[in-house]
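The values are calculated or read from the model by the stated rules, or taken from the named source; none is laboratory data. The model shown is predicted, which means the values in this text are computed figures rather than measured ones. Don't worry about glycine lacking a Cβ; one is built from the backbone with ideal geometry, like all the others, and counts go over all protein chains shown. Surface accessibility is based on the protein's heavy atoms, side chains included, excluding ligands, DNA and RNA. Shrake-Rupley method; radii C 1.70, N 1.55, O 1.52, S 1.80 Å.
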Amino acid sequence: MLFGRVRFLRIFMDLDITVHSALLGTAPQACPEDMAQVAQVLSGQPMAWGGQAVSRFAADGAYTGEVSAAMLADLGASFTLVGHSERRQYFAESDEVLSAQIRHAREAGLLPVVCVGEGLAAREAGEHEAVVAAQIDGVIAALQGSEQVVVAYEPVWAIGTGLTASLGQIVAMHEKIRACLLEKLASSCTILVLYGGSVKADNAADILALSEVDGVLVGGASLVAEQFSKVCYGAAK
């Protein structure tokens with residue numbers, strides 16, 4: 001398994017791509033035991049890596065299977081996802097748990113990338129903005145005092161389904177997210193809003209061309225280096 005991830009990185013690093021103005025978040029699977037070797041491969045490269053999730057527990061202890069913020073930081077991670085829809089759905093991560101994860105990540109020097117997004121029922125009922133605003137409100141206290149806040153909008157109905165929000169839907173929700181954050185955070189805070197719903201080679205350029213989109217969070221399309229390279233080429237246009 002590690003061979004596949006290292007091969008992915010080496011293939012990707014051999015590509016001649018310069019991305020000037022977009023953040024690219026990728027989500028290839030990896031185990032903590034492998035991360036030291038992955039970090040070694042990335043050493044000296046203009047790339048950063050992080051965790052898909054982080055423990056709500058700050059101190060060392062008998063929390064079998066958990067990966068703490070301190071562990072990620074010790075291995076050289078610079079960020080971690082918090083609140084991905086699958087973590088909310090399958091692991092019942094509440095606002096309280098997510099807030100603890102954010103605080104511990106910040107204390108360890110990691111940048112929490114907070115994921116928000118609505119399900120299909122909320123979208124069809126016209127409640128999508130209220131759902132996302134409530135998700136932001138639920139963790140906003142843990143983000144207070146941050147110099148930089150990164151939120152990734154991932155419409156749940158567009159994750160792994162092949163569906164993608166329209167450009168108009170993306171713009172509207174990113175404007176809503178930014179307005180919610182600006183209302184509650186210090187004016188000196190830098191806010192970045194990423195899009196993460198079935199980003200692929202054939203739509204990345206159009207999504208990243210939107211002024212309201214500061215980058216993309218790439219899931220399935222990041223699992224194969226050749227496919228992810230096409231997304232990056234789209235970002236570089």
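Could you check, for the stretch 104-115, whether at least one of its residues is assigned to a loop (DSSP other than H, G, I, E, B), of a type in the set (A, V, I, L, M), open to solvent by 30 Å² or more (accessible area, probe 1.4 Å) and over 24 Å from HIS174 (Cβ atoms)? So that I can check it myself, show each step before the final result.
As a first pass, look at the stretch 104-115 and keep what is assigned to a loop (DSSP other than H, G, I, E, B): 108-110.
Still in the running and of a type in the set (A, V, I, L, M): 108, 110.
If we keep only those that are open to solvent by 30 Å² or more (accessible area, probe 1.4 Å) too, we end up with 108.
Among the residues that remain, those that are also over 24 Å from HIS174 (Cβ atoms) are: 108.
Yes - at least one qualifying residue is present in the stretch 104-115.
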Among the residues of the stretch 50-86, what is the count of those that are of a type outside the set (Ser, Thr, Tyr), under 21 Å from GLY197 (Cα atoms) and outside any strand (DSSP E or B)? 5
Identity of the residue in the stretch 130-157, part of a loop (DSSP other than H, G, I, E, B) and open to solvent by less than 30 Å² (accessible area, probe 1.4 Å), that ends up nearest to GLY119 (Cα to Cα): PRO155
Quick check on this structure: which one of GLN101, GLN89, GLN45 is more than 12 Å from the chain's Cα centre (by Cα), part of a loop (DSSP other than H, G, I, E, B) and of a type in the set (S, T, N, Q)? GLN45
Show the residue pairs that are 6+ apart or on different chains and have beta-carbon atoms under 8 Å apart, the first residue being within the stretch 62-89 and among the β-branched types (Val, Ile, Thr), the second being open to solvent by 40 Å² or more (accessible area, probe 1.4 Å). VAL67/PRO32; THR80/GLN52; THR80/LEU111
For the stretch 110-138, pairs from a residue that is more than 16 Å from LYS176 (Cβ to Cβ) to a residue that is modelled with pLDDT under 95 and aromatic (Phe, Trp, Tyr), with Cβ under 8 Å and 6 or more apart or across chains, are LEU110/PHE79; LEU111/PHE79; PRO112/PHE79; VAL113/PHE79; GLY119/TRP157; LEU120/TRP157
Can you tell me how many residues in the stretch 131-167 are of a type in the set (D, E, K, R) and more than 17 Å from THR190 (Cβ to Cβ)? 2
